[in-house]
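J.: I have a structure here, written as structure tokens, and I will follow up with some questions on it.
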Amino acid sequence: MTVRPAVLLLLPVLAAGGCATVKPTAADQAPPARVLTAAELRAAAVGPADLGAGYTVTVLNPGQAVQPQGAERQLADVPACQPVLDAIGPADPAAQPQAETDLTAIGPGTAKVPLYTALLGYPAGRSAVLQSALEAVLAQCADFTSGVAGGAAAARTRHQLVRADTPTPGGADGATAFTLTSGPQAGGPVLSQRAAVVRVGTALAVFSTVGTAKEAAAVPDPAVVLAQTRKLRAAQG
């Protein structure tokens with residue numbers, strides 16, 4: 001079983017913050033894109049042939065990338081930031097995507113650091129709503145804490161959310177990038193995560209890397225982001 005990084009669990013409300021680039025494109029004027037099934041998302045996942053020499057891609061089996069067993073829902077001290085936590089951890093199952101495929105990619109010169117990717121299929125119109133929700137939450141959630149219900153104050157986690165610039169890849173309807181650092185409020189190991197969330201029609205692609213306080217998470221590989229965006233667009237016809 002592979003436990004995916006937290007920002008790759010942006011399923012219910014993709015409101016973990018970022019710098020969104022949402023502007024009219026030719027795709028916006030086209031007929032609504034099809035809602036992709038799990039099988040279609042899996043078929044649309046990038047492979048080594050789409051990326052060139054030196055890349056290794058692993059498409060995970062359904063259910064292989066999951067939450068750690070026994071994970072409890074985290075509650076934010078700022079109510080407006082609760083969607084951030086619901087996006088990166090246990091939340092309302094009814095808000096999950098309609099279909100999903102997960103994969104990892106390791107490219108040349110990346111020191112074997114994997115790029116985690118989640119391809120998420122939603123009902124028509126839902127992906128755009130999620131991107132709007134992301135922008136609404138971002139401004140209020142630069143710095144907040146969380147803990148489980150009834151948990152000790154010393155066990156609370158501090159979260160810092162920072163915007164990151166990102167271009168909108170060709171074929172996408174919008175792109176959002178951010179960094180999220182999380183660690184014990186009382187001090188201890190800090191997890192650094194960087195992600196780009198790309199909206200393509202009815203689908204969202206979440207590209208994520210993981211780092212530490214000493215080694216910041218890398219920018220998601222632009223070659224993978226662009227190739228995956230193009231395949232998602234082609235899959236929706």
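J.: When the chain is fully extended, how far beyond the present Cα-Cα distance does residue 72 get from residue 96, taking 0.36 nm per residue of separation?
T.: 7.0 nm
J.: Note the full-extension length gain between residue 185 and residue 153 as 0.36 nm times their separation in residues minus their Cα-Cα distance, in nm to one decimal.
T.: 10.6 nm
J.: Right, here's the next one. Using θ = phi - 60° and the Karplus curve 6.51 cos²θ - 1.76 cosθ + 1.60, what whole-Hz ³J(HN,Hα) does each residue of region 155-162 get, with Gly and Pro shown as x?
T.: Whole-Hz 3J(HN,Hα) from phi for region 155-162: 8, 5, 10, 9, 10, 10, 10, 10.
J.: Work out the FRET efficiency for residue 143 and residue 37 from their Cβ-Cβ distance, taking R0 = 35 Å, and round it to the nearest 0.05.
T.: The computed FRET efficiency comes out at 0.30.
J.: Counting alpha carbon pairs within less than 8 Å and at least 6 residues apart, what relative contact order, in whole percent, applies to region 140-214?
T.: Once normalised by length, the contact order is 23 percent.
Each value in this text was obtained by applying a stated rule to the coordinates, not by laboratory testing. As the structure is a prediction and not an experimental result, all values here were calculated from the model. All Cβ positions, glycine included, derive from the backbone under ideal geometry; neighbour counts span all protein chains shown.
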